[in-house]
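A short worksheet on the structure shown next.
The values are calculated or read from the model by the stated rules, or taken from the named source; none is laboratory data. Predicted model only: the values in this text are computed from it and were never measured. We place every Cβ from the backbone using ideal geometry, glycine too, and count neighbours over all the protein chains shown.
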Amino acid sequence: MYIYDSLVFMEKTAEIYTTREKQHCWSKMAHSGNLVDNYRFSFNGQEKDDEITGVTGSHLNFKFRIYDSRIGRFMSVDPLTKDYPYWTPYQFAGNMPIRFLELEGLEPGEPFETKTKAALNFSSIYGKFSIQENREYTATIYSYVDKDGTIKYTYNNPKRGTKESAPNNKARKREGTNEAGIHSHGAFDSDFIDEDGVDWNNQFSDELGDKDVSRMNGFPEYVTTPNGTLQKFDPATETESVVSKDSPSDPNDPSKVNSNYAIPSNMSKKETRQSRREFSKTNRETRKEYAKQYKEILKTRE
C-alpha cells in the first residue's frame, strides 16, 4: 500500500523548492530532494527533528511523540494507550494512514471543514458497524486550530455501547473545543415501536435521553439511524432536522429511505458458537491438507 506525501513546494515565481514521490505508507521516501537548504517540514506537515540520529528527515516531531520514518512507528508509547487496548502503543493513525492523521502523536483524527462533514463521516463508518453489530456507538465532534490557523473539525475515538445505549464520550480539553455529540442507533427492532406507534429506532429519545443529554451539554447532538438518515437536534432552538438520507440503512427497517444496506448479524449465541466450531474444524482440516502437500514437496527434493 502506498501513501502520498507533499509532492511539490513552489514559490510564486514557479521555482520548485521541494519535490517528493510516493512511498510505502508509514516509511521514509526512497527519493526526495530539496533545492533549498534546511526545509523544516515533512510528512503530515510535521517539523523534522534530526538531532537524535543526525539523519535528515528520519525523525518528525508530533509534539507529544517523535516519529521514526525509517521504521514507520513512534519512538515512545502513546500516552493514551490505556484508552486503546486493542492498538499497539506504537501505532500511527490507528493503523489507517489513508483515512486518518496523527494530530499530535496521540489520537488519530481526520480533519473536516465543518461539524456536519465530520458527522457524515462518522455516520458512513459507525452507522454501518452499529447496524451490523446491533449496538450503539458514540463520539464527540470537536474543533481545533491547525498549523495554518484554520479551524478544523474531527471526532474522538468512538466508544461501543449496548443495544439500548452508549457511554458518555466527551473529547478531552487538550484536544480542542467540544462542538457536538454524535451517536448511532443499532439494527431495527420492532420492540422500539411503542403502543402509540412512535418508532424510537429512527428518532431522538426525549426524557432522560438524547435530547436531555444535548441540553445538558449545551451543544447539538447528531444521530444516525437504521432507516438511513442522519439527524440533528439543536438545543438552542429546540429543533430537529434531517441532515442526510444517504447513511447506512437496515434492510429490515420498513421505513428505510435508501438501499445503502448494512446487513445486520442476527445470529444467536448458539448459532455463533456453532459457526465458530465449524470454522475451526475447517481450519484444522485445511492445515492438515497443507502439511500433507508440504511433505510431498519435500519428498521431491530428496
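Computed values, structure above
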{"read-out": "Residue 140 closer than 20 Å to residue 231 by Cα and at pLDDT 90 or above", "value": "yes"}
{"read-out": "Hits in the range 191-234 (condition: in a helix (DSSP H, G or I) and either in contact with a helix residue (DSSP H, G or I) (Cβ under 7 Å, 6 or more places away or on another chain) or outside the structural domain of residue 161 (by TED's automatic domain parsing) (or both))", "value": "192, 200, 201"}
{"read-out": "Residue pairs meeting the criteria (Cβ under 7 Å; at least 6 apart or on separate chains; first touching a residue at least 40 places away in the same chain (Cβ under 8 Å), in the range 115-138; second assigned to a helix (DSSP H, G or I) and of a type in the set (S, T, N, Q))", "value": "136/130; 137/130"}
{"read-out": "Residue match in the range 182-190 (condition: part of a strand (DSSP E or B), in contact (Cβ under 8 Å) with a residue 40 or more places away in the chain and touching a Gly at 6+ places or on another chain (Cβ under 6 Å))", "value": "yes"}
